[in-house]
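Participant: To start, I am sharing the structure in question, which I have written as structure tokens.
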Amino acid sequence: MTSTRIIIDTDPGVDDALTILLALASPEIELEALTTTQGNVTIENATRNALSVLELAGAANIPVARGSSLPLVQPLRASGLVHGITGLGRSNLPEPKNKPLAPHAIDFLIERFLAEPGELSLFAIGPLTNLALAIRKEPRFAKSVRELVIMGGAIREGGNVTPLAEFNIYVDPHAAHIVFHSGIPIILIPLDVTHKCILNQAHIDRLARIESPISRFIADAVADYLKISLEWGQAGCALHDPLTLATIIAPDLLTLRECAVDVDISTGVSMGKTFADFTNRAGISANMKVAMEVRGGEFIDLFLQRMENLSRAVV
Ligand code: RIB
Ligand code: CA
């Protein structure tokens with residue numbers, strides 16, 4: 001099997017951390033690097049967390065490039081509400097031994113994608129600030145990306161940070177607008193499908209049967225995310241970011257629709273709202289494929305199997 005070579009742009013973040021672990025546990029994926037951005041947490045915490053999670057999983061060889069500390073126009077919105085002050089819930093990973101690379105994430109992305117045009121896929125699971133700046137700084141960048149998979153947006157689903165907008169897009173709607181209109185081949189994984197991929201306490205208890213730093217980290221990292229999700233009336237915590245990897249490890253679980261998608265960058269109540277023209281009423285050509293259906297239970301089971309394998313491997 002030839003594995004898909006990917007770079008993940010991330011704001012770890014609990015579900016970001018689970019995505020990094022899932023990528024490392026999936027033979028279909030070759031995780032080549034992480035780039036960090038502000039979002040769930042500050043850029044300092046995001047970068048430290050990215051390094052720490054890689055070291056936890058025995059993947060300290062994978063480089064991390066530190067990225068944007070602020071959105072393009074909007075103020076920083078990082079808070080400890082969902083992911084905790086450190087960004088990884090109640091977990092308490094040691095300070096990472098490694099440091100981030102010297103180049104800024106934007107320059108790292110430009111250098112890596114221009115070095116091998118069409119060979120690398122990019123997964124964006126935080127605000128899109130780094131990607132927007134790479135697109136603007138280097139006109140050849142967009143054409144060098146094989147495929148871009150974005151966790152973000154809410155099409156028919158309500159928002160999770162305002163009644164209309166999803167967090168990653170809301171934090172930097174201007175960056176999303178640049179990325180959505182860049183011409184890069186995009187798959188969007190919105191709340192419409194991630195809200196159907198719910199991890200609950202029984203799943204955590206299943207993982208805990210395997211004594212491992214990985215299963216312990218997952219239980220500690222998810223604990224408060226799960227608690228606040230239940231308080232909000234959900235059946236558990238949504239695996240927003242990990243679902244992006246289903247495009248490689250289980251594409252049959254997703255139903256994609258090709259259509260024109262845009263984002264509201266006005267400063268009113270609908271700022272950050274993403275909307276799709278499924279009936280082509282506006283006559284605008286499609287700019288992405290959007291996942292509108294998922295077999296969420298099967299994805300959760302696949303996630304758990306992969307985390308059990310990783311827990312057995314990392315002792
Ligand atoms: O709306 C969910 C997204 O916002 C996920 O990427 C999560 O990590 C947060 O960044
Ligand atoms: Ca994220």
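The values are calculated or read from the model by the stated rules, or taken from the named source; none is laboratory data. Keep in mind that what you see is a predicted model, and the values were worked out from it rather than measured. In this analysis, Cβ positions are derived from the backbone assuming ideal geometry, glycine residues included, and neighbour counts consider all displayed protein chains.
Participant: Is it true that some residue in segment 279-291 is at pLDDT 95 or above, of a type in the set (Gly, Ala, Ser) and under 30 Å from residue 56 (Cβ atoms)?
Facilitator: yes
Participant: Select from segment 217-232 the residues that are without any contact (Cβ under 8 Å) to a residue 60 or more places away in the chain and either closer than 22 Å to residue 312 by Cα or within 16 Å of ligand 1 (Cβ to nearest atom) (or both) and list them in ascending order. Steps first, answer last, please.
Facilitator: If we filter segment 217-232 for residues that are without any contact (Cβ under 8 Å) to a residue 60 or more places away in the chain, which is where we start, we get 219, 226-227, 229-232.
Within segment 217-232, 219, 226, 229, 232 meet the criteria.
Participant: When segment 228-248 is examined, which residues are found to be within 16 Å of ligand 2 (Cβ to nearest atom) and among the charged types (D, E, K, R)?
Facilitator: Matches in segment 228-248: 241 only.
Participant: Here is a follow-up. Counting only residues that are among the small types (Gly, Ala, Ser) and within 13 Å of ligand 2 (Cβ to nearest atom), which one in segment 1-54 is nearest to residue 303 (Cα to Cα)?
Facilitator: First pass over segment 1-54, keeping only residues among the small types (Gly, Ala, Ser): 3, 13, 17, 23, 25-26, 33, 39, 46, 50, 52.
With within 13 Å of ligand 2 (Cβ to nearest atom) added as a condition, the list becomes 13, 17, 39, 46, 50.
On the way: 13: 17, 17: 13, 39: 24, 46: 23, 50: 20 Å.
My answer is 17.
Participant: Conditions first: (1) farther than 15 Å from residue 33 by Cβ; (2) touching a strand residue (DSSP E or B) at 6+ places or on another chain (Cβ under 6 Å). Residue 63 passes all but one, so which condition is the exception?
Facilitator: (1)
Participant: If you go through segment 233-242, how many residues are within 13 Å of ligand 1 (Cβ to nearest atom), in a loop (DSSP other than H, G, I, E, B) and either closer than 15 Å to residue 88 by Cβ or more than 21 Å from the chain's Cα centre (by Cα) (or both)?
Facilitator: 1
Participant: While we're here: Identify all residues within segment 7-40 that are closer than 17 Å to residue 146 by Cα and surrounded by fewer than 24 Cβ atoms within 10 Å (Cβ to Cβ); write none if there are none.
Facilitator: Passing the criteria: 28, 29, 30, 31, 32, 33.
Participant: Okay, next question. For segment 111-124, check the following and say yes or no: at least one residue is charged (D, E, K, R) and within 16 Å of ligand 2 (Cβ to nearest atom).
Facilitator: First, pick out the residues of segment 111-124 that are charged (D, E, K, R): 111-112, 116, 119.
Remaining after also requiring within 16 Å of ligand 2 (Cβ to nearest atom): none.
Checking segment 111-124: not a single residue is charged (D, E, K, R) and within 16 Å of ligand 2 (Cβ to nearest atom).
Participant: Also: Keeping to segment 172-210, report how many residues are without any contact (Cβ under 8 Å) to a residue 60 or more places away in the chain, within 16 Å of ligand 2 (Cβ to nearest atom) and closer than 17 Å to residue 262 by Cα.
Facilitator: Number satisfying all stated conditions: 2.
Participant: Also, I was wondering about something else. Filter segment 1-58 down to the residues that are away from ligand 1 (no atom under 12 Å from the Cβ), touching a helix residue (DSSP H, G or I) at 6+ places or on another chain (Cβ under 7 Å) and free of Cβ contacts under 8 Å to residues at least 40 places away in the same chain, then identify the one that is nearest to residue 166 (Cα to Cα).
Facilitator: Looking at residues that are away from ligand 1 (no atom under 12 Å from the Cβ), touching a helix residue (DSSP H, G or I) at 6+ places or on another chain (Cβ under 7 Å) and free of Cβ contacts under 8 Å to residues at least 40 places away in the same chain, I get 34.
Participant: Is it the case that residue 169 is closer than 16 Å to residue 259 by Cβ and at pLDDT 95 or above? So that I can check it myself, show each step before the final result.
Facilitator: Values: closer than 16 Å to residue 259 by Cβ: no; at pLDDT 95 or above: yes.
In short, no.
Participant: If you don't mind, there's one more thing I want to ask. Out of everything in segment 132-171 that is assigned to a helix (DSSP H, G or I), more than 14 Å from ligand 1 (Cβ to nearest atom) and in contact (Cβ under 8 Å) with a residue 60 or more places away in the chain, what residue ends up being farthest from residue 270 (Cα to Cα)?
Facilitator: Residues of segment 132-171 that are assigned to a helix (DSSP H, G or I), as a first pass: 132-137, 141-144, 167-171.
Add one more test, that the residue is more than 14 Å from ligand 1 (Cβ to nearest atom), and what stays is 132-137, 141-144.
Applying the additional criterion that residues be in contact (Cβ under 8 Å) with a residue 60 or more places away in the chain yields 132-133.
Values: 132: 21, 133: 24 Å.
Here the residue is 133.
Participant: Now for a different question. Would segment 232-245 turn up any residue that is farther than 17 Å from residue 191 by Cα and not basic (Lys, Arg)?
Facilitator: Quick first cut of segment 232-245, residues farther than 17 Å from residue 191 by Cα only: none.
No - not one qualifying residue is present in segment 232-245.
Participant: For segment 17-64, which positions are small (Gly, Ala, Ser), outside any loop (DSSP other than H, G, I, E, B) and closer than 12 Å to residue 98 by Cβ? Steps first, answer last, please.
Facilitator: Start the filter on segment 17-64 by keeping residues that are small (Gly, Ala, Ser), which leaves 17, 23, 25-26, 33, 39, 46, 50, 52, 57-60.
Restricting the remaining residues to those that are outside any loop (DSSP other than H, G, I, E, B) gives 17, 23, 33, 46, 50, 52.
Listed by number, the residues that qualify are 50, 52.
Participant: Then there's this: Checking the condition touching a His at 6+ places or on another chain (Cβ under 9 Å) and part of a loop (DSSP other than H, G, I, E, B), which residue from 126, 118, 89, 84 passes? It would help to see each step written out before you state the result.
Facilitator: Details: 126 fails: touching a His at 6+ places or on another chain (Cβ under 9 Å); 118 fails: touching a His at 6+ places or on another chain (Cβ under 9 Å); 84 fails: touching a His at 6+ places or on another chain (Cβ under 9 Å).
Just a single option satisfies the conditions, and that option is 89.
Participant: Something else about it: In segment 151-172, how many are surrounded by fewer than 24 Cβ atoms within 10 Å (Cβ to Cβ) and acidic (Asp, Glu)?
Facilitator: 1
Participant: Now, a different point. Would a scan of segment 65-76 turn up a residue that is within 15 Å of ligand 2 (Cβ to nearest atom), more than 20 Å from residue 100 (Cα to Cα) and in a helix (DSSP H, G or I)?
Facilitator: no
Participant: Still on this model: Going through segment 172-192 one residue at a time, which ones are of a type in the set (A, V, I, L, M, F, W, C) and within 12 Å of ligand 1 (Cβ to nearest atom)? Full working, then the answer.
Facilitator: Applying the first criterion (of a type in the set (A, V, I, L, M, F, W, C)) to segment 172-192 yields 175-176, 178-180, 184, 186-189, 191.
Across segment 172-192, the qualifying residues are 189, 191.
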